[in-house]
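The values are calculated or read from the model by the stated rules, or taken from the named source; none is laboratory data. All values reported here derive from a predicted model rather than from experimental measurement. Cβ: placed from backbone, ideal geometry, glycine included. Neighbour counts: every protein chain shown.
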């Protein structure tokens, strides 16, 4: 058997003392201690990939937009057929409240809500263009003014589905609000049927 000091694996046993662990002598320990700060600095500069500089939009913003669109659609339905006021006005008021509550949650979470301008999908109550060739049901923006109760119901049912699909992916503090919106939309879709 070779002597441990000769083959470089470990140090020779000290007379009367335990043998040192093989491979770690004072020189190696000192070298590691001196190189550790340099290695830590070098590794700190490494990254796992490019950082995302753009934040994904808050998923509640789409629900805010849908609530505003539903409220505008309900208002257009009432304007087109005042007999629907008793049935549709509570929906319009509820969807307006939904938009406000959802927007407040977006702001609370540090997001920036979109502007309160109705989207292109939301009908407007603008006066029809004048002229003989103009269609009295089309606004200058090209959005149909005459809105049926069935269209309002379809829009509210679509809003319910969108909110319900979102619930599973939300943090716990947002689930109650979004589930409440989904339940309200489901109720109005059933009532307007």
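Is it the case that some residue within the stretch 81-94 is in a loop (DSSP other than H, G, I, E, B), over 25 Å from residue 174 (Cβ atoms) and at pLDDT below 55? No: zero hits. Taking the numbered list (1) surrounded by fewer than 17 Cβ atoms within 10 Å (Cβ to Cβ); (2) at pLDDT 70 or above in turn, residue 113 passes all entries but (1). Selection of first residues in the stretch 175-188 that are touching a residue at least 24 places away in the same chain (Cβ under 8 Å) and on the phi < 0 side of the Ramachandran plot and of second residues that are outside any helix (DSSP H, G or I) and surrounded by fewer than 19 Cβ atoms within 10 Å (Cβ to Cβ), restricted to Cβ pairs under 8 Å at least 6 apart or on distinct chains, gives the following pairs, ordered by first then second residue: 178/170.
Here's the yes/no breakdown for (1) farther than 14 Å from residue 163 by Cβ; (2) touching a residue at least 24 places away in the same chain (Cβ under 8 Å); (3) in contact with a helix residue (DSSP H, G or I) (Cβ under 6 Å, 6 or more places away or on another chain):
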site: 57; (1), (2), (3): yes, yes, no
site: 65; (1), (2), (3): no, yes, no
site: 70; (1), (2), (3): no, yes, yes
site: 87; (1), (2), (3): yes, yes, no
site: 95; (1), (2), (3): no, yes, yes
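Going by what's in this entry, would residue 139 be described as modelled with pLDDT under 50 and more than 31 Å from the chain's Cα centre (by Cα)? It is true that residue 139 is modelled with pLDDT under 50 and more than 31 Å from the chain's Cα centre (by Cα).
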